[in-house]
Amino acid sequence: MSDRPQTSAETLVAQGGGRVAEPYREIVEPIHVATTYERAPDGGYPGGAVYSRDQNPAYRPAEEMLCALEDGRAALLFASGMSAAAAVFRSLDPGMRVVAPHAMYWALRNWLIAFGNRWGIEVDFYEPDDAELEAQLELPADLVWLETPANPSWEVMDIARAATAARRAGARLVVDSTVATPVFTQPLALGADLVMHSATKYLNGHSDVVAGALVTRDTDAFWDRICLHRAQEGAVPGPFEAWLLARGMRTLFPRLRQASASAARIADAMAAHPAIGAVLYPGRPDFPGHVVASAQMQGGFGAMLSIRVRGGEEAARQVASRLSIFKRATSLGSTESLVEHRASVEGPGTRCPDDLLRLSVGIELVDDLIDDLEQALAGIRAGG
Ligand code: PLP
């Protein structure tokens, strides 16, 4: 037995996966750009890879780190979070039943409605409430989708409770854990079958890569189908993007700890502000999902929050326009803080209130961020 200490996932990702590359003993993984790999005279593939559509060694560091972070059996990188999610749904057979939340990433919800129609999959939506999901799962189902905290109002769902109900209904549970991140929540340990991430967000963390990931608890027949989809369709990041992702993951823990602590401070400051009607943040004791979040999220409540501005849509848009440190942009999970008037991005049919501003808190000095919000809101109070 080895007397080396067992390495924690946090230590492993701080070292980018911890491998030393041959033949030069580089402590940073090189970028592998080849699209194809030489066969041995006997016809075998001694390097283990055949063709780079889904076998580029560039994916290995991030996939190994994801397995360690989520305590999964296997992981796959994809070209985007959307393509990772789509690979799951496209691995279902026509006639199967999906139960998905109204509160989920809006573009995926729209895609799922259209895809379900075309593919002959029955999709039933539930309000983000544990009892409502259980009621939907009194009928048999094949796949349950869950996002927690859910974009952009951050409703919290109880993953363990959903896993029990899903199992009883004969369904797999898949959790979009993009916002919770592996730093704060481990869905597989709570009973989920698959975890999905938009790696574009916190995993990469620098607003310079679009990527997605799936991690599985079991390498079963359903996982094999997902692998086949990726192999045949090649929805993979390029080698440089995969390398950047693995580099970004090195700082996952310190980034998330700082951003989450800052989000909690901003949430408290906004809750005390007279121009703010409501603060939506799982870390606030008055937030409806706080009790479940406290049990399910370890070490923090994440770095996403939303504020509802008194005065409605116009006031909310004014606040966004007056912010100067927060950048007005969609997306989330990077080192720089972002603000977004979410209803206008989602467009017609959105369920997002029009007075809501979504804040992605970065790692700037938190006092600068609070000052920025205060000055933007002070204008609103003076101007009415
Ligand atoms: N899931 C969540 C929670 C998201 O916020 C997003 C993107 O914003 C996605 C999935 C889709 O990921 P991507 O943009 O990488 O395709």
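Data for the structure
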| read-out | value |
| --- | --- |
| Separation in nanometres of the label points that stand 7 Å from Cα toward Cβ, at residue 251 and residue 50 | 4.0 nm |
| Surrounding net charge for residue 296, when Lys and Arg each add one and Asp and Glu each subtract one, Cβ distance under 11 Å | 0 |
| Inter-probe distance in nm under a simple model that places probes 7 Å from Cα toward Cβ, at residue 113 and residue 327 | 3.1 nm |
| Segment 112-230 - percent relative contact order, Cα under 8 Å, separation 6 or more | 18 percent |
| Debye log10 I(q)/I(0) at q = 0.19, 0.23 Å⁻¹ for segment 291-373, Cα point scatterers | -0.87, -1.11 |
| Solvent-accessible surface (1.4 angstrom probe) belonging to residue 262, in square angstrom, nearest 10 | 10 Å² |
| Candidates 311, 205, 333, ranked by Gaussian network fluctuation over the chain, Cα under 10 Å, top entry | 311 |
| Most mobile listed residue (107, 199, 169) in the chain, GNM with C-alpha springs under 10 Å | 107 |
| Rel. contact order, % - alpha carbon contacts under 8 angstrom, at least six apart, the chain | 16 percent |
| Principal axis box of segment 1-139, alpha-carbon based, largest edge first, Å | 56, 41, 29 |
| Label-to-label distance, nm, for residues given as residue 24 and residue 365 (7 Å Cα→Cβ offset) | 3.9 nm |
| Folded to 0 to 90 degrees: helix 106-119 orientation relative to the chain principal axis, Cα | 50 degrees |
| Accessible area of residue 368 in the full protein assembly, 1.4 Å probe (Å², nearest 10) | 70 Å² |
| For residue 170, net neighbour charge (Lys/Arg +1, Asp/Glu -1) across residues whose Cβ lies under 15 Å away | -4 |
| Percent of Cα pairs exceeding the 19 Å cut-off, where the set is segment 122-259 | 56 percent |
| Heavy-atom SASA rank of 344, 198 (probe 1.4 Å, accessible area, largest first) | 344, 198 |
| Integer Hz, Karplus 6.51/-1.76/1.60 couplings in order for segment 281-297, x for Gly and Pro | 7, x, x, 7, x, 8, 7, x, x, 4, 5, 5, 4, 4, 7, 8, 9 |
| Segment residue 375-residue 11, extension gain: residue separation times 0.36 nm, minus the distance between their alpha carbons | 127.0 nm |
| Residue-count net charge about residue 261 - beta-carbon cut-off 13 Å; Lys, Arg +1, Asp, Glu -1 | 0 |
| Choice from 351, 118, 217 with maximal GNM fluctuation in the chain (Cα, 10 Å cutoff) | 118 |
| Segment 252-383: relative contact order in percent, alpha carbon pairs under 8 Å with at least 6 residues between | 26 percent |
| Debye log10 I(q)/I(0) for the chain, one point scatterer per Cα, at q = 0.09 Å⁻¹ | -0.54 |
| Value at 222 nm in deg cm²/dmol, rounded to 500, when DSSP H runs of n ≥ 4 in the chain each add -39,500 (n - 2.57) | -11500 deg cm²/dmol |
| Hypothetical label at residue 268: residues of segment 296-310 whose amide nitrogen lies under 14 Å (7 Å Cα-Cβ projection) | 301 |
| Extension reserve of the residue 102-residue 34 stretch, reckoned as 0.36 nm per residue once the Cα distance is removed | 20.2 nm |
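The values are calculated or read from the model by the stated rules, or taken from the named source; none is laboratory data. What you see is a predicted model, and the numbers here were worked out from it, not measured in a lab. Here the Cβ is made from the backbone with ideal geometry for all residues, glycine too, and neighbour counts use every protein chain on show. Just the protein is used for accessible areas: all its heavy atoms, side chains included, with ligands, DNA and RNA removed. Shrake-Rupley method; radii C 1.70, N 1.55, O 1.52, S 1.80 Å.
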